[in-house]
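No lab work stands behind these numbers, since they all come straight from the coordinates. If you're wondering where the values come from, they're calculated on a predicted model, not measured in any experiment. Please note: Cβ atoms are built from the backbone with ideal geometry, for glycine as well, and neighbour counts cover all protein chains shown.
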Amino acid sequence: MDAAAQSHFTGKEAGHAVEKRPWIFTRPTAKTGIVSWLTTVDHKRVGIMYGISALLFFLVGGIEALIIRIQLAVPNNTFISHQFYNEMFTMHATTMIFLAVMPLSAAFFNYIMPLQIGARDVAFPRLNGFAFWVFLAGAIVLNVGWFVKSGLPDAGWFGYAPLTSTDFSNQFKADMSTDLWVMGLQILGVSSVVGSMNFIITIINMRAPGMTMMRLPVFTWMTLITAFLIILSFPAITIALVELMMDRSFGTNFFEVSNGGLPILWQHLFWVFGHPEVYILILPAMGIVSEILPTFSRKPLFGYPIIVFSGATIGFLGFGVWSHHMFTTGMGTMATAAFSLATMAIAVPTGVKMFNWIGTMWGGHLQMRTPMMFALGFVWMFLMGGLSGIMHSAAPADAQQQDSYFVVAHFHYVLIGGAVFGLLSGIHYWFPLIFGRRIGEFWGKLSFWVIFAGFNITFFPMHFLGLNGMPRRTAVYDGNMGWNDANFIATVGAFILACGIGIYFAVMLYTYFKGEKAGRDPWDGRTLEWSIPNPPPEYNFAVTPTVHARDAFWYEKHHKEEIAKEKSAHAKEDEAHGGVHMPSQSWFPLMTAIGLLIGGLFFVNHKFVGAICGGTVMFLGIYFWALEGPGGYHVHPSEDDDKSGSYGKH
């Protein structure tokens with residue numbers, strides 16, 4: 001390299017150089033404080049921010065659910081108006097699905113997946129930070145209705161036409177509640193697709209040496225499958241939302257039946273997204289449970305290849321069953337029969353997973369720790385939800401149960417008994433890794449039993465309410481319908497469930513500040529994330545691991561001399577390259593997301609000058625982001641860092 005070229009670079013070490021560019025903003029270097037969080041590109045910090053945001057919205061969604069249950073506790077109740085009731089069930093479902101369960105899954109994807117594959121970060125760290133800030137922007141747009149005159153959206157989380165048309169949802173032209181819902185979901189879709197592309201590339205390209213695809217931990221496999229589902233399904237809902245936005249803002253007629261539009265087109269587009277979305281919510285929990293059960297059964301996962309291929313089959317078949325949500329729309333005999341058979345078929349790989357989990361526990365030395373309790377709760381509750389789902393594959397039965405409380409019970413057994421129980425088990429399981437403290441067993445198990453009891457007291461009676469004819473999305477019922485007792489019991493159960501969640505959160509907070517410190521590998525784990533200190537250091541692995549077996553860390557524990565030699569060789573290679581390269585922090589992911597937020601809010605208000613200004617901020621953020629170049633710095637891990645989990649000097 002000549003002198004002129006050398007002057008253009010800085011930090012040259014062992015043949016590696018970092019390009020020096022003219023900066024618009026100085027790169028932030030803070031390791032602590034608010035700036036470090038606003039500019040972070042560390043996958044672990046991004047995961048923590050996803051998790052905290054998701055848990056806060058989980059509380060918001062729970063409060064919305066309690067308002068619904070108070071209204072339905074007794075007949076002819078006037079606790080809230082019909083209009084506010086419609087807003088509550090719309091926001092409750094939207095919040096829980098898009099702002100709680102999905103981002104909580106993303107929190108685990110961000111934090112755990114790179115550690116499980118032996119990577120030091122995701123493939124595109126700044127894009128990862130951008131995905132979080134865009135998620136937060138979409139969440140803000142969805143909840144603006146709490147603070148403006150138009151109020152909250154009231155057409156249901158499914159947004160069926162013509163309920164979302166201006167004639168039904170806008171009693172006056174200034175009402176923008178549905179527009180906020182449309183824009184918020186579109187922004188959230190950007191976050192989900194960007195994050196999913198990052199996860200796919202990370203898993204395929206950044207695995208540690210020896211980490212073949214059939215040695216990936218099951219949670220990482222479920223991350224990969226979920227990411228593909230998001231990328232393939234979100235275009236359908238994006239098309240539907242754009243068409244709805246055009247109808248509402250510019251007078252087109254995609255769904256306006258009076259002008260030749262087709263309301264049923266919305267249902268097809270929505271459910272082509274909506275049914276894979278169910279598996280986007282449940283597959284991460286299946287992956288978490290597939291990690292926890294072997295650890296606390298003290299034996300390898302039974303039928304690993306079958307578990308993996310069952311997950312992939314569920315994802316594939318999930319795209320072929322969307323119209324089982326539309327058996328009452330008059331599709332015709334052939335279409336109904338085809339989707340009915342496909343719905344029965346998708347139960348097979350799910351049932352196979354159940355037998356694999358049972359086989360894993362069979363003959364094992366079971367340790368009934370709190371994560372295991374929540375995982376077993378997942379297996380039982382998801383099984384119950386799956387059985388009621390099979391009932392709906394029979395079109396005649398579904399026609400009777402459609403839009404009744406039987407469907408409400410089924411849906412919640414799948415998504416609370418399934419997805420939420422699985423995610424809660426994951427929080428308990430990885431809490432010592434993330435924060436270095438272990439949640440006390442007594443309080444953890446107490447929260448489990450209160451949540452378990454409250455959940456079943458709330459939703460099991462809804463099966464009988466549905467079979468007795470109570471329709472869903474009804475704010476008031478008469479006292480002589482025979483629904484009084486079951487509704488009152490369900491409301492009591494909802495408050496018990498809320499108490500259980502409150503205990504869970506209180507115990508988490510106490511443990512974070514005052515809990516017992518956990519040693520390394522507190523559960524005798526099997527996967528690579530347990531091979532490093534807790535909390536993990538900035539660079540994750542002081543030495544790039546080499547994977548020799550499916551349960552990589554269990555193998556390391558029994559081949560210490562062999563692994564020590566390999567780590568010594570890898571450490572010398574890292575030092576020869578100047579240490580561990582880490583990406584720099586950046587303001588531009590946040591700046592780009594703020595531009596998207598501003599543009600979206602102004603567009604919803606039909607203030608297109610403001611929307612253009614927001615778009616300008618967004619494109620400037622992208623432009624400066626591109627100019628920022630690769631950047632980065634080197635970290636030199638030391639033995640002390642490896643023991644303590646603290647950041648190395650750079």
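A simple rule links phi to the HN-Hα coupling: the Karplus curve 6.51 cos²θ - 1.76 cosθ + 1.60 with θ = phi - 60°, which for segment 50-66 gives 4, x, 5, 4, 4, 5, 5, 5, 4, 5, 4, x, x, 5, 4, 5, 5 Hz, with x for Gly and Pro.
Ranked for footprinting exposure by Cβ neighbours inside 10 Å, fewest first, Met372, Met222 give Met372, Met222. Each of Phe435, Phe382, Phe79 has some number of other Cβ atoms within 10 Å of its Cβ, and from fewest to most they run Phe79, Phe435, Phe382. Dividing the summed -39500 (n - 2.57) terms of all DSSP H runs of n ≥ 4 by the residue count of the chain sets its mean residue ellipticity at 222 nm at -21500 deg cm²/dmol. In terms of surrounding Cβ atoms within a 10 Å radius of their Cβ, Lys514, Lys557 rank from fewest to most as Lys514, Lys557.
The computed mean projected area of the Cα convex hull in nm² for the structure shown corresponds, within (i) 36.8; (ii) 30.3; (iii) 27.7, to (ii). Extending 7 Å from Cα along the Cβ direction at Leu265 and again at Asp478 yields two label points whose distance is 4.1 nm. If R0 is 35 Å, the Cβ-Cβ spacing of Ala506 and Val257 corresponds to a FRET efficiency of close to 0.10.
Charge dipole of segment 171-249 (Cα centre as origin; +1 on each Lys and Arg Cβ, -1 on each Asp and Glu Cβ, all else neutral): 400 debye, rounded to the nearest 20.
For Ser404, the residues whose amide H sits under 5 Å from its own are Arg472, ignoring neighbours fewer than 5 places away on the same chain, with H placed 1.01 Å from N. Here the Karplus curve 6.51 cos²θ - 1.76 cosθ + 1.60, taken at θ = phi - 60°, turns the phi angles of segment 69-79 into couplings of 5, 4, 4, 8, 5, 9, x, 6, 7, 10, 4 Hz, with x standing for Gly and Pro.
Close amide H pairs (under 5 Å, H built 1.01 Å from N) link Arg437 with Ala518, residues at least 5 positions away or on another chain. Between Met206 and Ser81, the modelled labels are 5.0 nm apart [label points 7 Å from Cα along Cα→Cβ].
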